[in-house]
Amino acid sequence: MPNQPDVMEKLVSLAKRRGFIFQSSEIYGGTGSVWDYGPLGVELKRNLQERWWNSMVRTRDNIEGLDSAILMHPRVWEASGHVRGFVDPLVDCRNCKKRFRANDPKIKGTPGTPDAQCPACGMKGTLGEARQFNLMFKTFMGPAEDSAAVVYLRPETAQGTYVNFLNVQQSTRQRVPFGIAQIGKAFRNEITPGNFIFRTREFEQMEMQFFVEPGTDMTWFEYWKDQRMLWHRGLGLAEERLRFHEHAADELAHYARAAFDVQFDFGGSLGFQEIEGIHNRGDFDLTQHQQFSGKKLEYFDQGANKRFVPYVVETAVGPNRTLLAVLVNGYREETVAGETEGRTVLGLHPALAPIKAGVFPLVKKDGMPEMAKKIADDLRPAFAVFYDDSGAIGRRYRRQDEVGTPFCITVDGESAAGSSVTVRERDSLQQERVSIGSLKEYIGERIAA
Ligand code: ATP
């Protein structure tokens, strides 16, 4: 039995209606599992990415930022193991033409045998044998579509970091242990995309590779496990919805010495799923790139006068999947004491909320709209605000609750005389009178936490 309710369908509809997430190329019938981020969605995603960047790069002196290109030399993917190893076994149903991962638990029997049953159409004996399917998107560089010009859309950002390891180390004069972080697009031709933005074919990653001296890797691995779990809690994700999942020996990727996933409980039948992977990759990647490129990727430790290939502890999180976790975690419908109409609330952490404050005149007269507009204009350079004077004030509050706006500022009959407004807090519904001159500080303090 799932512990948490399934809110996905409601979220998909809210996300579209309020401009968080739209289906890609919708007017053409949509593109399979590709999504566009609307005005509120792009703000939320940026806030999430900025929070990661601040916590990983800006506030640490031993992590450097990088933005490497999506297209790389094709040999990179031979060295990394992706050309040969980045495959999922898949099976096709001859009857309904649906495609499944061979290890899909819904398949009964062994694909390729007469008693295997298709989980979609229910026919027996129509599932073919498992075939290996490479998840990398292939394309061509330059005008000639010959094999010499084949390149891949990167399936992860990490390789762009490994091939730049010495460029970054030498240009910044960092000493091991130190890390390199980047945020960027990745592409995987997933066999079974779905669950809204949970698994898509085009997505983003926020990855950090931490280079350490061999022998110290497990200590750093534990350190980063703790740090990353703290970060997810800091987003406001509920304690009981977060857990670690350790990869058993048969689950470990070819490069990994140890791996833990941070899992979030998405509710319903999806339940606990990975949102971040923390991996001890040993010296696999740098050694492979040394072999394939013929260039040394060693670190010279001047103090100890020795050279070595560092081990890597990687933290790899998806902003899209984390954004979905944040939405699922925050979505609630509730009744309000003394009111007949309930409300839908996105209980987003104020730092993540796309709009920090709604600004309203109580009524459209007596100079209130002008005053509210001026307040909105004054606050706008500091944070995202939304001016709204249409409809009843209760409606305007509800519209902001539904998109997670933590504060609503209302100019009322007392505002002009006392130079003050009411500030309503989304979750407690408490209203406080605040002087107009201190609004920036009042809200600024509360969204920075
Ligand atoms: P999964 O097992 O779910 O396919 P993975 O273990 O292959 O994920 P990693 O390669 O460790 O994922 O990538 C790190 C993070 O990137 C994941 O934790 C996830 O947040 C994100 N991610 C990976 N694949 C996708 C995808 N197809 N769509 C959206 N996000 C993804």
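The values are calculated or read from the model by the stated rules, or taken from the named source; none is laboratory data. Keep in mind the model is a prediction, meaning the values are calculated, not measured. Please note: Cβ atoms are built from the backbone with ideal geometry, for glycine as well, and neighbour counts cover all protein chains shown. Ligands, DNA and RNA are excluded from the accessible area calculation, which covers all protein heavy atoms including side chains. Shrake-Rupley method; radii C 1.70, N 1.55, O 1.52, S 1.80 Å.
Taking a straight Cα-Cα cut-off under 22 Å and skipping sequence neighbours fewer than 8 places away in the same chain, the lysines within cross-link reach of K98 are K106, K108, K124. In this structure, no residue pair taken from K138/K295; K10/K45; K16/K185 has a Cα-Cα separation over 28 Å. Rounded, prolate or oblate: which fits region 1-159, taking a ≥ b ≥ c as square roots of the Cα gyration tensor eigenvalues, rounded meaning a/c under 1.5, else prolate when a/b beats b/c? Oblate, because a/c is 1.5 or more while a/b does not exceed b/c. Amide H contacts for A116 (H built 1.01 Å from N in the peptide plane; partners 5 or more residues away or on another chain; cut-off under 5 Å): T110, G125. Comparing G41, G391, G81 in a Gaussian network model of the chain, where Cα atoms under 10 Å apart are tied by springs, the biggest mean-square fluctuation is seen for G391.
Start at zero, step by 10 Å, and the Cα-Cα distances of region 17-94 spread as 14, 20, 31, 30, 5, 0 percent across the bins.
The chymotrypsin sites (Phe, Trp or Tyr not before Pro) of region 91-153 meeting both criteria, a DSSP state outside H, G, I, E and B (loop) and at most 16 other C-beta atoms within 10 angstrom of the site's C-beta, are F137. Based on alpha-carbon centroids, what's the gap between region 151-194 and region 57-133 in Å, whole number please? Region 151-194 and region 57-133 have Cα centres separated by 21 Å.
For K98 and R307, the FRET efficiency from 1/(1 + (r/R0)^6), where r spans their Cβ atoms and R0 equals 51 Å, is about 0.45. Mind giving me the FRET efficiency for F244 and E370? R0 is 51 Å, r the Cβ-Cβ distance, nearest 0.05 is fine. That pair, F244 with E370, gives E of 0.40. Once backbone amide H atoms are built at 1.01 Å from N, E276 has V262 as its partners under 5 Å, excluding neighbours fewer than 5 places away on the same chain. If you sort D388, D377 by accessible surface, 1.4 Å probe, largest first, the order is D377, D388. Going by Cα centres, region 198-219 and region 1-21 are how many Å apart? Cα centres, region 198-219 to region 1-21: 29 Å.
Ranking Q430, A258, F20 by how far each Cα lies toward the positive end of the dipole of the chain (charges on Cβ) leaves F20 at the top. Within the shell of other residues whose beta carbon sits under 9 angstrom from the beta carbon of Q431, the net charge comes to 0, with Lys and Arg scored +1 and Asp and Glu -1. Accessible surface area normalised per residue over the chain is 48 Å², counting heavy atoms of protein chains with a 1.4 Å rolling probe.
Heavy-atom accessible surface of S25, to the nearest 10 Å², is about 50 Å², with a 1.4 Å probe and all protein chains retained. Ranking T59, T216 from most to least accessible surface, computed with a 1.4 Å probe over the protein chains only, gives T59, T216. 3J(HN,Hα) along region 333-347: 10, 9, 8, 10, 3, x, 10, 7, 7, x, 9, 9, 10, 9, x Hz, from the Karplus curve 6.51 cos²θ - 1.76 cosθ + 1.60 with θ = phi - 60°, whole Hz, x for Gly and Pro. Under 16 Å from the Cα of K440, which aspartates and glutamates turn up, not counting those fewer than eight places away in the same chain? Cross-link targets: D377, D378, E425, E432.
For V312, the accessible surface of its heavy atoms amounts to roughly 0 Å² (probe 1.4 Å, protein chains only, rounded to the nearest 10).
For the chain, modelled as a GNM whose springs connect Cα atoms under 10 angstrom apart, the maximal fluctuation among P111, P155, P193 occurs at P111.
Its Cα gyration tensor gives the chain an equivalent ellipsoid; the semi-axes, largest first and in whole Å, are 44, 30, 20. Between A256 and K296, the contour length at 0.36 nm per residue exceeds the alpha carbon distance by 12.2 nm.
Calculated on the alpha-carbon coordinates, the convex hull of region 321-448 measures out at 104 cubic angstrom per residue. For a straight C-alpha distance cut-off of 19 angstrom, the aspartates and glutamates reachable from K97 (same-chain residues fewer than eight places away being disregarded) are D88, D115, E129, E190.
Using equal-weight Cα scatterers in the Debye expression, the normalised intensity of region 234-318 in log10 at q = 0.23 Å⁻¹ is -1.09. Sorting the segments 10-22, 295-307, 174-186 by their residues' average number of neighbouring beta-carbon atoms within 10 angstrom, most packed first, yields 174-186, 10-22, 295-307. Across the accessible surface of the chain, with the other protein chains kept in place and a 1.4 Å probe, carbon and sulfur atoms take up 49 percent.
The length gained on full extension between V87 and Y442, counted as 0.36 nm times the residue separation minus their Cα-Cα distance, comes to 122.6 nm.
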